[in-house]
1. Among the residues of segment A:248-276, what is the count of those that are more than 9 Å from every other protein chain (Cβ to nearest Cβ) and either closer than 15 Å to residue B:185 by Cβ or touching a strand residue (DSSP E or B) at 6+ places or on another chain (Cβ under 9 Å) (or both)?
2. Of these, A:246, A:238, which one is at pLDDT 95 or above and either more than 28 Å from residue A:119 (Cβ to Cβ) or touching a Cys at 6+ places or on another chain (Cβ under 9 Å) (or both)?
3. When you go through B:155, B:227 one by one, which is the residue that is more than 14 Å from chain A (Cβ to nearest Cβ) and either crowded, with 24+ Cβ neighbours inside 10 Å or among the charged types (D, E, K, R) (or both)?
4. If you check residue A:279 against the conditions, is it open to solvent by 70 Å² or more (accessible area, probe 1.4 Å), of a type in the set (Asp, Glu) and either under 30 Å from residue B:137 (Cα atoms) or in a helix (DSSP H, G or I) (or both)?
5. Any residue at all in segment A:308-328 that is farther than 26 Å from residue A:24 by Cβ, over 20 Å from the mean Cα position of the chain (by Cα) and either part of a helix (DSSP H, G or I) or free of Cβ contacts under 8 Å to residues at least 60 places away in the same chain (or both)?
6. Test residue B:64 against the stated conditions and say whether it is crowded, with 17+ Cβ neighbours inside 10 Å, over 30 Å from residue A:158 (Cβ atoms) and away from every other protein chain (no Cβ under 14 Å).
7. Hey, could you check segment A:158-202 for residues that are over 20 Å from residue A:249 (Cα atoms) and open to solvent by 50 Å² or more (accessible area, probe 1.4 Å) and say which is farthest from the other protein chains (Cβ to nearest Cβ)?
8. Which one of B:302, B:287 is within 21 Å of residue A:176 (Cα to Cα), open to solvent by 10 Å² or more (accessible area, probe 1.4 Å) and of a type in the set (Lys, Arg)?
Protein chains: 2
Amino acid sequence: MNNKNSEELIVGIDLGGTKILAGVFNRNYECLGTGKKKTQAGLTPDMIIERIVVCVQEALESSKHEIEHIRAIGIGSPGSIDTDRGMVLFAGNLGWKNVPLKEELERRLNKPVSVGNDCNVATLGVYHVEYKARPEQMACFFLGTGIGGGLILNRQLYTGPGHTAFEIGHMVLQIDGPECTSGIRGTWEALASRQAITRQIVQAVEKGRETVLTEISKKGLSKIKSRILARALMMEDELVREVITEASRITGIALANVINILNIQQLVLGGGLIEALEEFMLPVIRKSAEEHSFPGAFTGVKINATRLADDAGITGAAVLAGGNPSRD
Amino acid sequence: MNNKNSEELIVGIDLGGTKILAGVFNRNYECLGTGKKKTQAGLTPDMIIERIVVCVQEALESSKHEIEHIRAIGIGSPGSIDTDRGMVLFAGNLGWKNVPLKEELERRLNKPVSVGNDCNVATLGVYHVEYKARPEQMACFFLGTGIGGGLILNRQLYTGPGHTAFEIGHMVLQIDGPECTSGIRGTWEALASRQAITRQIVQAVEKGRETVLTEISKKGLSKIKSRILARALMMEDELVREVITEASRITGIALANVINILNIQQLVLGGGLIEALEEFMLPVIRKSAEEHSFPGAFTGVKINATRLADDAGITGAAVLAGGNPSRD
């Protein structure tokens, strides 16, 4: 590891709608240094790609390594990805369409780049680095502004013939319910994402309900952060308690559907909402998942929160580029 | 095939809640003869197993073969099955609990017996005998009194670590909706099975709606057969049209969930409801599935009805016992 002449380090990048994270990893997927840059809607793909490069350089500096020591680079991007060509076909929250991310990064950094969907990539990180016993099947669910996930079947990431598998946030749970970003009604994302929770709180306040959020959420009710929701819960805010309880119950039903369909026994939750509200949400999620599981199917089921937190994305991106730890 | 001294034939048995079917198959899974017996709730496991044996003998006679020509026997049973031990752990509509079906049939017929879940077994039949091109992934859905299915992933039947996978009828589509037999609310089965359709029709009639079913359904409104529903549609019955259209739309949403979760491109529908109402239901199902699929995920998707009809079960049971055609 300390032989600085060998190319054995890996860079993992997590490209999000509001920030870019990069990490330098050794072959045991221990993080040696990170970089972080803000991003925002309105930037051109070129500007974002430049920020990614700066972020990688920052991570290298913080790890006290040079680009020469890097063997490969992995990146998780939101949206639909053509993983073979490393092309972001469509990413709504970046405003991207057909961006050749692999090509652009390889040209600038002169290292092989692998591109994957952000939730799939984070799932790889959780599976290979956090769950070293590697259960045969596992499903990860990331709850934040939206809801996404990744699926491990037979110890492999399952993406399906068209690489669109496990668009789990778009699973319908309430026929003719509220619409989500994809235009489908009554999806899990439309019912229980942070965006959905925010909408429900705003609507309740419009109808006259009171909440401490009107005081403690500095940016107003339409931009409530997960940790502000956690603070409201600690302040015993009744409206927030109701809305988060219902979102947790619905999340349990979503997990039960996955349990009933795929007999998955290890389910892992992550994302900003879970990170901030795990203690409150997880017991409700577990109870609801059990109640909605087919008799027998809940046997052996474990529902946990990931310990990788915000690092799941960069860790998984490193695994995507560096290969499964077991193969080394 | 005509060498009656060799043991190369296979018997497939389909054990249902109201009838038992058996078929004798050659190694190309062509059916050489069948037997059929009625069954009903209230019979002891021993009485039903005796009827299965009689049914096998009937199939042998009709195929002009003897038990000596049989290499193996497969049987699909409703309920939860321990496939390793050939034990029916629980089958509600038979009233069975822990019935050692494999052991009992092997003792009586003196041939190796394999036992599987009826819907999984029927899926094997559809996949190996009807879809000879064998797509890498396929999902089958059987719509009748209840709703069940089977899943092929990487060209193998996927049953999961606890063999409970693809309890697809118990997928929740309408949180807090009507209850199904498993006690879970708002499941696909509770919304769109023949039992659900019947319940909706009875409720509408109680509220004063008119329907030709009150005249043409001889056994009354609580026991409407699928082909009676088809007749009512042909007679342009408005209530039946409404209820079946909605059940088809809901079925399309269920299929879209499977498409969004697993990126399955070949979906096959079967069961009594589809057999009788395919022409009316399939276009509605296809449209609804497309509307509820994540953008991109519907690419390449085919939704068809099986041509094996009532023979899917016995054919699949023969495949279960005899092995994949490709392996021979």
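The values are calculated or read from the model by the stated rules, or taken from the named source; none is laboratory data. Note that the structure is a prediction, hence the values are computed from the model and not measured. As a convention, Cβ positions derive from the backbone with ideal geometry for all residues, glycine included, and neighbour counts pool all protein chains shown. Each accessible area value is taken on the protein alone, full model and side chains, heavy atoms only, with ligands, DNA and RNA left out. Shrake-Rupley method; radii C 1.70, N 1.55, O 1.52, S 1.80 Å.
1. 13
2. On inspection, the qualifying residue turns out to be A:238.
3. B:227
4. yes
5. No, segment A:308-328 has no match at all.
6. So residue B:64 fails the test.
7. Among them, the one singled out is A:181.
8. Only one candidate passes the filter, namely B:287.
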